[in-house]
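The values are calculated or read from the model by the stated rules, or taken from the named source; none is laboratory data. Note that the structure is predicted; figures quoted are calculated from it, not measured. Note that each Cβ is placed from the backbone with ideal geometry, even for glycine, and that neighbours are counted across all protein chains shown. Remember, those area values only see protein heavy atoms, side chains included, never the ligands or the DNA or RNA. Shrake-Rupley method; radii C 1.70, N 1.55, O 1.52, S 1.80 Å.
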Amino acid sequence: MSVTAFTFPGQGSQAVGMGKDLAAAHPEARAVFQEVDEALGERLSATMFEGPEDILRLTENAQPALMAVSVAVTRVLESKGVFLKDHAKYVAGHSLGEYSALCAAGTFSLADAARLLRTRGQAMQKAVPVGHGAMAALLGLDLETARAIAAEAGQGEVCDVANDNAPGQVVVSGATAAVERAVEIAKGKGAKRALLLPVSAPFHCALMQPAADAMQAALAEVAMHAPCVPVVSNVLAAPISDPAEIRRRLVEQVTGVVRWTESVTWLTGAGGVTNLVELGAGKVLTGLAKRIAPEATAQAIGTPADIDAFAAQFNA
């Protein structure tokens, strides 16, 4: 018997044209994009479908846009009788994807999720002046080595492990000079590759504290319900369902490590999950899942054809 978790992608999975085929094929998807547009007071869907790419890539746009596509996929699946509460044991999302997971599981309304992610994107961008922060991927090193490199590179500046994405894929974040030092140190410690990432701010490090404060205020204003299935929290790599704890962990997540390797390991270990299904744009999490838990099956559902094939398994 297959046990499924639905996962929801994070920033970097955006691409111009995302959601366009869903909107053309399914009124449920069109309704999601329209509701997000109304919540934000602008036609984000037009930027998603047509670009330009540099505007879509802005953190304040990419975050609600990725959530909208993930929720659109979820709603179209529901229209075909595949309900999250019946077909998934857990949900999890990578960074902003945690908001997508919580929205899909009924913790937030769609409009609130869109507004929260707009606030989150703006606050993360504003927390550090452009050019003062950076992120780098350290490839081919384990987590403990990456932590030691970050500590050595700090020299009184912030340099933190931000994402533990998969074995041998760790991201560090912090002050630009410190992250540049980490890249050089990593090369000397046998990293296969160490490279600065094309991001506009140093996410998931101590420099994001102003954004965490902004999210604490924003989350305090929003009605939250227990999700219909537990969400595996980024900062805990363990399932939670209590709205007060979810609120607290989402604030911690802004400055905390995205513990994705541990989250997927928990799902496929203690959680008993055998099938990881990524809902939304791209296939990033599906690729990571195959590296973290090769014994599990992993698939991405993002197009009308993907949805039809997945739903057919349950409607045969």
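Between F83 and Q125, how many nm apart are label points set 7 Å from Cα along the C-beta direction?
My value for the distance between the label points is 3.9 nm.
Would you mind pulling out the separation of the Cα centroids of region 36-62 and region 261-311, in Å?
Cα centres, region 36-62 to region 261-311: 26 Å.
Mean-square fluctuation check for the chain, GNM, Cα pairs under 10 Å: which of L40, L116, L207 is largest?
Largest GNM mean-square fluctuation: L40.
Enumerate the amide H contacts of V258 below 5 Å, restricted to partners 5 or more residues apart or on another chain; note that Pro and chain-start residues carry no placed amide H.
Hits under the 5 Å cutoff: N163, D164.
For the chain, what relative contact order do you get, as a whole percent, if you take Cα pairs closer than 8 Å and at least 6 residues apart?
Numbers: 707 pairs, mean separation 73.1, N = 316.
After rounding, I find 23 percent.
Using DSSP loop states and a limit of at most 13 other Cβ atoms within 10 Å to flag GluC sites (Glu not before Pro), what is the longest stretch of the chain containing no flagged site? Provide the component values of the computation, followed by the final result.
On the way: sites that count: E42, E221, E295.
Maximal segment without exposed cleavage sites: 43-220.
Heavy-atom accessible area of R30 with all protein chains present, probe 1.4 Å, nearest 10 Å²?
R30 exposes around 110 Å² with every protein chain in place.
What accessible area per residue, rounded to a whole number of Å², is obtained for region 1-55 using a probe radius of 1.4 Å?
Details: 2590 Å² over 55 residues.
Roughly 47 Å² per residue, with all protein chains present.
On the protein heavy atoms, probe 1.4 angstrom, tell me the percent of accessible surface of the chain carried by carbon and sulfur. Kindly include the intermediate steps, with their values, before the conclusion.
Details: 6540 of 12240 Å².
Reported share for carbon and sulfur atoms: 53 percent.
Toward the positive end of the charge dipole of region 1-104, about the Cα centre and with charges on Cβ (Lys, Arg +1; Asp, Glu -1), which of Q11, V82, G97 goes farthest?
Of the options given, the answer is V82.
Rank these by accessible area, largest first, 1.4 Å probe: I292, I149, I55. Can you show the working numbers first?
Working: I292 25, I149 0, I55 65 Å².
The ranking, largest first, comes out as I55, I292, I149.
Once the Cβ-Cβ distance between Q313 and L195 is put in as r, and R0 is 35 Å, what FRET efficiency do you end up with, to the nearest 0.05?
Numbers: r = 39 Å, r/R0 = 1.13.
It comes to 0.35.
Using the heavy atoms of the protein chains and a 1.4 angstrom probe, tell me the accessible area per residue for region 152-197 in square angstrom.
Values: 1990 Å² over 46 residues.
For region 152-197, the solvent-accessible area averages 43 Å² per residue.
Out of these labelled values of percent of Cα pairs over 37 Å apart, (i) 14; (ii) 18; (iii) 11, which was calculated from the coordinates shown here?
Matching the structure shown: (iii).
How are the alpha carbon pair distances in region 238-316 distributed across 5 Å bins from zero to the largest one, expressed in percent?
Taking all Cα pairs of region 238-316, the binned fractions are 3, 13, 18, 19, 19, 17, 8, 3, 0, 0 percent.
Just check region 117-234 against the gyration tensor rule for me: Cα atoms, a ≥ b ≥ c as the square roots of the eigenvalues, rounded for a/c under 1.5, and otherwise prolate or oblate depending on whether a/b exceeds b/c.
On the way: a/c = 2.68, a/b = 1.58, b/c = 1.69.
Because a/c hits 1.5 or more and a/b fails to exceed b/c, region 117-234 counts as oblate.
What spacing in nm lies between the two simple spin-label points modelled at E42 and R248, each 7 Å away from Cα in the Cβ direction?
With each label point 7 Å from Cα toward Cβ, the separation is 3.5 nm.
State log₁₀ I(q)/I(0) for region 157-226 at q = 0.15, 0.27 Å⁻¹ as given by the Debye formula over alpha-carbon point scatterers of equal weight, solvent excluded.
Calculated log10 I(q)/I(0) at the listed q: -0.59, -1.25.
Starting from the Cα-Cα distance between T297 and H132, subtract it from 0.36 nm times their residue separation and give me the gain in nm to one decimal. Display every interim value, and only then the final one.
Values: separation 165, 0.36 × 165 = 59.40 nm, distance 4.07 nm.
Contour length minus Cα-Cα distance gives 55.3 nm.
Which of A223, A111, A134 moves most in a GNM of the chain, Cα contacts under 10 Å?
Looking only at A223, A111, A134, the largest GNM fluctuation is found for A223.
Leaving out ligands and nucleic acids, and using a 1.4 Å probe, what accessible area per residue does region 101-148 come to in Å²?
Details: 1690 Å² over 48 residues.
Result: 35 Å² per residue.
Each residue of region 194-208 in turn: what ³J(HN,Hα) in whole Hz from Karplus with 6.51, -1.76, 1.60 and θ = phi - 60°, glycine and Pro shown as x?
9, 8, 5, 9, x, 10, 9, 7, x, 6, 6, 9, 4, 5, 7
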